[in-house]
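Quick notes on the structure that follows.
The values are calculated or read from the model by the stated rules, or taken from the named source; none is laboratory data. From a predicted model like this one, the values you see are computed outputs, not experimental measurements. Glycine also receives a Cβ, built like all others from the backbone with ideal geometry; neighbour counts cover every protein chain displayed.
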Amino acid sequence: MLERVELQEASSWALLAEPETWILVLDGHAAIGLATVSIGQAVFVGGGRSSIEVGANGLTALIAYPAARPIASLLQRLCEPSTRAVQSATPGDPIALAEART
């Protein structure tokens, strides 16, 4: 299954991933688990629950996972606004971590 998602800026999400889930960022940036990703970068999620903290410009991404139909519970918005500042990752940099605001 291949889904396109558009997530609002500074929002927080829980990704309930199937095994072998890939996320390709088309626009914006976010912290997905411990990885910071931006345009053109992809991240592999091996399954289970991962957090997504969307950056200031929002996030448009493709999510690919093995399924015959879309999974309704794939993304769940968390009620609280994002408390983490997410900085853009630059190509060639090692995986960066998001920093918490104080």
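Out of the range 38-58, which residues are at positive phi, assigned to a strand (DSSP E or B) and modelled with pLDDT of 95 or more?
The answer is G58, and nothing else.
Take the residues of the range 35-68 that are hydroxyl-bearing (S, T, Y) and closer than 16 Å to L2 by Cα: which is surrounded by the fewest Cβ atoms within 10 Å (Cβ to Cβ)?
Step by step, filter the range 35-68, then rank; the result is T60.
If a residue has to be over 9 Å from the mean Cα position of the chain (by Cα), over 9 Å from A61 (Cβ atoms) and assigned to a strand (DSSP E or B) to count, how many in the range 15-34 make the cut?
Matching residues across the range 15-34 total 4.
Listed here are the residues, each with its yes/no results for (1) touching a Ser or Thr at 6+ places or on another chain (Cβ under 9 Å); (2) in a strand (DSSP E or B); (3) at pLDDT below 95.
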site: T36; (1), (2), (3): yes, yes, no
site: T60; (1), (2), (3): no, yes, no
site: A68; (1), (2), (3): no, no, yes
site: S82; (1), (2), (3): yes, no, yes
site: S88; (1), (2), (3): yes, no, yes
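Being surrounded by 19 or more Cβ atoms within 10 Å (Cβ to Cβ), among the aliphatic types (A, V, I, L, M) and either at pLDDT below 95 or in a strand (DSSP E or B) (or both): is that true of A72 here?
So A72 fails the test.
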